[in-house]
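Notes follow the structure.
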Amino acid sequence: MQQSGCRVVRSCLLLRQGYRPKRKRCAKWHLTNNNSVSKKNHMLPKHLRRLEAESIEIMREVVAGFKNPVMLYSIGKDSSVMLHVAIKAFYPAKLPFPLLHVDTTWKFREMITFRDETAKRLGVELIVHVNKEGLERGINPIDSGSALHTRVMKTDALKQALDLYHFDAAFGGARRDEEKSRAKERIFSFRSAGHVWDPRNQRPELWNLFNTQLLQGETMRVFAMSNWTELDIWEYIMLEKIPVVPLYFAKQRPVVRRSGATIMVDDKRLRLQSNETPEMRMIRFRTLGCYPLSGAIDSDATTIEDIVAEMHTATVSERQGRLIDTDEAASMEKKKWEGYF
Amino acid sequence: MPSKATIDRVQAGKDQLQFITCGSVDDGKSTLIGRLLHDSKVIYEDQLAALARDSAKHGTTGNDVDFALLVDGLEAEREQGITIDVAYRFFTTLRRSFMVADTPGHEQYTRNMATGASNAQLAIILIDARKGVLVQTKRHSFICSLLGIRHVVLAVNKIDLVKYNKERFDRIVGDYMAFAAGLGFTSVVPIPISARYGDNVINQSDKTKWYQGPCLLDYLESIDIQSDVARQVFRFPVQWVNRPNLDFRGYAGSVASGSISAGDEIVVAASGRTTRVKRIVTQDGNLPRADAGDAVTITLEDEIDIGRGDLLARPNERPEVTDQFAAHLIWMDNDPLVAGRNYIFRIGTRTGVAGSITAIKHRIDVNTREHLAARKLSLNEIGFCNVATALPVAFDPYEVNRKTGSFIVIDRFTNRTVGAGMIAFPLRRATNIARQPLSVGKSERAALKNQKPCIIWFTGLSGAGKSTIANIVDQKLFAMSCHTILLDGDNMRHGLNRDLGFSEADRVENIRRVGEVAKLMADGGLIVICSFISPYRAERDMVRNLVAREEFIEIFVDTPLEECVRRDPKGLYSKAKSGKIKNFTGIDAPYEIPMRPEFHLRTMDQTPEQLAEAVIDVLKARAIVHGH
Ligand SMILES: Nc1nc2c(ncn2[C@@H]2O[C@H](COP(=O)(O)OP(=O)(O)OP(=O)(O)O)[C@@H](O)[C@H]2O)c(=O)[nH]1
Ligand SMILES: [Mg+2]
């Protein structure tokens, strides 16, 4: 298939040259003629088939109901599944919206490589946005602290990008089982002008009759993977053979202990302290984010099957490794009020 | 090989039960879910540690952990110790996977309870053993029944606080059964539990030896829900037309019920056109058959006109198609439902349908299920209504099909979801009331009169000067040989509308009738001058939508309230202020100013003559009348 359909827009760089975003609607469709009768999908167990179908329905709803949707692509496992399902939802048409990666510039290097390869392999349009002001102010996760870094480089950056391209609906891969304020989210999560979430005033959401009506300036966050659990995600990745960032698999990697977490030394910017000497450990990640804020776990799981088996016996949650949620009580809810995904 | 075993275990799959917890405030719903999550071991160590910290800070259980805090995830909920919005949680046992919606008990948040209930197959209705059946228990039971939940677990909770007393349990069960008899539940299974201490939740309690039935989790794992889904007929709401290039046109959607195979004959419900299914397309290859729940893309043998919102069925199993139906409605907005007002409806994938509730047949008292007369439905009230839509829509009665028999109501201005409806039956077949075609049309009539027909709509406060200005405009047009008619609020209320008062519902009906009359007169080629306070935007827009865009000219007669009160030409303001008249616009009833009137007449510094002349200029500019 045509691989040239991929267009990577680095809006941070382009902006510096006074770039005014002019995003073309996907004009290029591609069609695969496949008349063979499927055997594959029937191998999916019914709980995964049901989840997949539900996500497809939500995605089609967005494309039918909004003018200018975008899919937030965070490179992690949930995004990988979301993208995989999205391609199924619109087959044989091409993905009718672009992907948006909000790049804090502190992601693992392997994530960025994987991101660009994925966009290329699937022939999808990818927009990369960096909060340039934040970068110029020198905001970073190590000196600024995780809270400020997250607000400026993730939340504010996301809002900038949504405004810049006038997206009226944005898909996110967040799941309700991740966190207790996420469990309170609607699938179509309404945001008033300024991207504000008011959890006490969410639209009732009955049956599958989503209310997609918006006034000027209002937007929708759409959580197409709401009802998947972490285990569902891995089981689906295993059965559908979806590529994921290699960091999810255990390998010998250089790490240090910092603030009670195992942090991988991904580049020099980590600035090792005198008492820190990197050691090689067999580790992997359950969630991926900015590398100085992502805690690794000790693990021998080198295959997807191992990961699924490990999941069945896990005793701590995937968020435990994230340094950004422990800032303060109810911190996720607070971030969500401010417009975090 | 462990990896093979892993794959096999995943492959086997599990079926899922979706249930809710509901009942009155503080009956222990969230605690029960927390307990189920905890005891089924889906809570991780770090989450347990957080729970212990939270319990110390917000807990309602002294030194013990407060399991409700596992579920009440919003800061406001934790501070107040109540549930405000639905939480969706997941847990899995060896036999089943569960998705549970924990709903709030407070009446104020009933719409969130309904949100949770709409997709549930089973409800756990909790009752505090000390308090017995309360109004809210009844409200929730009734909503569960309306929303089509057929299986209920009656969890008599806090049994520890009544010393595990059997008589108390029996009495509550007796009370509840008497109430629930008419609700159409297939099964009601009472279980005495203590959510806080875990009695009969996942294990049989030895403190309730008198109870022989299953513990809660055993029951949830074993209840048969599959056989409920009686073989339903095929329904496929078209969600999105997939047209990547000229060679492919597919209809994407999820099978709402039944199944369909390649080669089967189908009908498009609204148009009655029939054809056959050519292929059932997915990225994983074509399917021989699609079943309920499958998200697929269907291609058809013939090119027929189908779009988003169409409902596909088998020709011998057609749904209803009509523009009028009766339905139960749960009202979910702070602004009450007003019969006659226009709203937006969404039925299946058919979105943005204009329509109105033409009549509230009755309101239902949730406590007694009595039918009460009502002109409006307030927040959380339930009514049985007639609904009219601008286009015929396809549906099934909700009792027959939850997917194709439900709809939501959306406010046209705020876009809030204000109501949820369950269709009971069609009121008539739309096809029987085809319009009678007229041989002489509006344009011929207008040409004869050498003018453009239109509706000139004066709106503003009482005493703003609408009638005075409208009268002068009428005289001027008459002098210009235009064919006009003047409809005035007070005059209409002496005749056509003499049965109407000044409540919100009556004002809506008043304007609806005037609008229809004005439209007929405009159809007759006349320039129709209307002078009505018409305080609500929704109704002015309703009239606007009756005629072509350029035929409605809204003129906002803008006189400040203080000035109207000072003038008080009919002495009405002083009566209203002394309370002798109720619902007087500007005093104790609202006036919603026009957002984009065709003409904004500020009256303060000009004479009525000058103002009328300004209106005439507008008409000339719009080529309604010709200048000299
Ligand atoms: N002794 C005892 N206390 C209980 C039991 N179940 C719940 N409680 C207590 O009752 C109080 C209310 O419990 P919640 O679970 O918050 O009640 P709820 O029904 O979810 O309340 P809303 O969602 O706000 O309507 C808490 O203090 C619980 O600890 C029980 O079985 N026994
Ligand atoms: Mg609760």
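The values are calculated or read from the model by the stated rules, or taken from the named source; none is laboratory data. Treat the numbers as computed from the prediction; the structure is a model and nothing was measured. Ideal geometry is used to build each Cβ from the backbone, glycine not excepted, and the neighbour counts take in all protein chains shown. Protein only, heavy atoms only, side chains kept; ligands, DNA and RNA dropped before computing areas. Shrake-Rupley method; radii C 1.70, N 1.55, O 1.52, S 1.80 Å.
Just one residue in the set B:Glu107, B:Glu75, B:Glu79 is modelled with pLDDT under 95 and either closer than 15 Å to B:Leu32 by Cβ or more than 12 Å from chain A (Cβ to nearest Cβ) (or both); that residue is B:Glu107.
Selection over region A:123-142 of residues that are in contact with a helix residue (DSSP H, G or I) (Cβ under 9 Å, 6 or more places away or on another chain) and open to solvent by 60 Å² or more (accessible area, probe 1.4 Å) gives a count of 3. Looking only at residues in region A:241-269 that are in a strand (DSSP E or B) and open to solvent by 30 Å² or more (accessible area, probe 1.4 Å), the one that is farthest from A:Ser299 (Cα to Cα) is A:Arg258.
Among the listed residues B:Ala68, B:Ala52, B:Ala76, which satisfies the condition of being assigned to a helix (DSSP H, G or I) and away from ligand 2 (no atom under 13 Å from the Cβ)? So the residue among B:Ala68, B:Ala52, B:Ala76 that is assigned to a helix (DSSP H, G or I) and away from ligand 2 (no atom under 13 Å from the Cβ) is B:Ala52. Scanning region B:1-27 for residues that are of a type in the set (Gly, Ala, Ser), more than 29 Å from the chain's Cα centre (by Cα) and either closer than 20 Å to B:Tyr197 by Cα or more than 9 Å from chain A (Cβ to nearest Cβ) (or both) yields a count of 0. Does region A:218-240 contain at least one residue that is of a type in the set (A, V, I, L, M), within 13 Å of another protein chain (Cβ to nearest Cβ), more than 24 Å from the chain's Cα centre (by Cα) and open to solvent by 10 Å² or more (accessible area, probe 1.4 Å)? Taking every residue of region A:218-240 in turn, none turns out to be of a type in the set (A, V, I, L, M), within 13 Å of another protein chain (Cβ to nearest Cβ), more than 24 Å from the chain's Cα centre (by Cα) and open to solvent by 10 Å² or more (accessible area, probe 1.4 Å).
In region A:300-315, the condition of being part of a strand (DSSP E or B), surrounded by fewer than 19 Cβ atoms within 10 Å (Cβ to Cβ) and at pLDDT 90 or above is met by no residue.
Restricting attention to region B:353-395, report how many residues are touching a residue at least 40 places away in the same chain (Cβ under 8 Å), of a type in the set (Lys, Arg) and closer than 12 Å to B:Leu329 by Cβ. The number of residues fulfilling the criteria is 1. Inspect all residues belonging to region B:295-311 and state whether any of them is over 16 Å from B:Val238 (Cβ atoms) and of a type in the set (A, V, I, L, M, F, W, C). No: zero hits. Restricting attention to region B:22-49 and to residues that are touching a Leu at 6+ places or on another chain (Cβ under 8 Å), assigned to a loop (DSSP other than H, G, I, E, B) and within 9 Å of ligand 2 (Cβ to nearest atom), the residue that is farthest from A:Val316 (Cα to Cα) turns out to be B:Asp27. Listed here are the strands (runs of 3 or more DSSP E) enclosed by region B:248-301 that have at least 2 residues being farther than 26 Å from A:Lys46 by Cβ: B:248-254, B:265-268, B:274-281.
Within region B:103-129, residues that are open to solvent by 10 Å² or more (accessible area, probe 1.4 Å) sit with their Cβ atoms under 9 Å from residues that are away from ligand 2 (no atom under 16 Å from the Cβ) and in a helix (DSSP H, G or I), at 6+ positions apart or across chains, in these pairs: B:Glu107/B:Val135; B:Gln121/B:Asp228. Just to be sure, is A:Ile75 modelled with pLDDT of 95 or more, aliphatic (A, V, I, L, M), in a loop (DSSP other than H, G, I, E, B) and in contact with a helix residue (DSSP H, G or I) (Cβ under 8 Å, 6 or more places away or on another chain)? For A:Ile75, the condition - modelled with pLDDT of 95 or more, aliphatic (A, V, I, L, M), in a loop (DSSP other than H, G, I, E, B) and in contact with a helix residue (DSSP H, G or I) (Cβ under 8 Å, 6 or more places away or on another chain) - is met.
Consider region A:49-64 and keep the residues that are open to solvent by 20 Å² or more (accessible area, probe 1.4 Å) and modelled with pLDDT of 95 or more. The one that is farthest from the other protein chains (Cβ to nearest Cβ) is A:Glu54.
Quick check on region B:130-163: of everything there that is of a type in the set (A, V, I, L, M) and open to solvent by 20 Å² or more (accessible area, probe 1.4 Å), which residue is nearest to the chain's Cα centre (by Cα)?
Here the answer is B:Leu146.
Going by the conditions given, is B:His58 open to solvent by 10 Å² or more (accessible area, probe 1.4 Å), touching a residue at least 40 places away in the same chain (Cβ under 8 Å), within 11 Å of ligand 1 (Cβ to nearest atom) and more than 23 Å from B:Asp224 (Cβ to Cβ)? Answer is no for this residue. For the structure I just gave you, tell me whether B:Lys166 is under 26 Å from B:Cys215 (Cβ atoms), open to solvent by 10 Å² or more (accessible area, probe 1.4 Å) and within 13 Å of ligand 1 (Cβ to nearest atom). When the stated conditions are applied, B:Lys166 does not pass them.
Going through (1) touching a residue at least 60 places away in the same chain (Cβ under 8 Å); (2) facing another protein chain (nearest Cβ under 10 Å); (3) surrounded by 21 or more Cβ atoms within 10 Å (Cβ to Cβ) one by one, B:Leu311 falls short only on (2).
When region B:478-521 is filtered for residues that are closer than 16 Å to B:Phe552 by Cβ and open to solvent by 40 Å² or more (accessible area, probe 1.4 Å), the ones remaining, listed by number, are B:Ile485, B:Arg512, B:Glu516, B:Lys519, B:Leu520, B:Met521.
Among the residues making up region B:208-218, those that are within 16 Å of ligand 1 (Cβ to nearest atom) and in contact with a Lys or Arg (Cβ under 9 Å, 6 or more places away or on another chain) are B:Thr208, B:Tyr211. Elements of the type strands (runs of 3 or more DSSP E) sitting completely within region B:381-485 and holding at least 3 residues that are within 17 Å of the chain's Cα centre (by Cα): these cover B:382-395, B:406-410, B:417-426. When region B:64-101 is filtered for residues that are open to solvent by less than 10 Å² (accessible area, probe 1.4 Å) and more than 13 Å from ligand 1 (Cβ to nearest atom), the ones remaining, listed by number, are B:Phe91, B:Phe98. Could you list all residues from region B:82-123 that are of a type in the set (Phe, Trp, Tyr) and outside any strand (DSSP E or B)? If the condition is that a residue be of a type in the set (Phe, Trp, Tyr) and outside any strand (DSSP E or B), then B:Tyr109 is the only one that fits. Restricting attention to region B:346-360 and to residues that are surrounded by fewer than 19 Cβ atoms within 10 Å (Cβ to Cβ) and more than 14 Å from chain A (Cβ to nearest Cβ), the residue that is nearest to A:Gly65 (Cα to Cα) turns out to be B:Thr358. Being farther than 30 Å from A:Met311 by Cβ, within 9 Å of another protein chain (Cβ to nearest Cβ) and assigned to a loop (DSSP other than H, G, I, E, B) is the filter here; which residues of region A:188-217 pass it? Once the filter is applied, which keeps residues that are farther than 30 Å from A:Met311 by Cβ, within 9 Å of another protein chain (Cβ to nearest Cβ) and assigned to a loop (DSSP other than H, G, I, E, B), region A:188-217 yields A:Gln202, A:Arg203, A:Pro204, A:Leu206, A:Trp207, A:Leu209, A:Phe210, A:Asn211, A:Thr212, A:Gln213, A:Leu214, A:Leu215.
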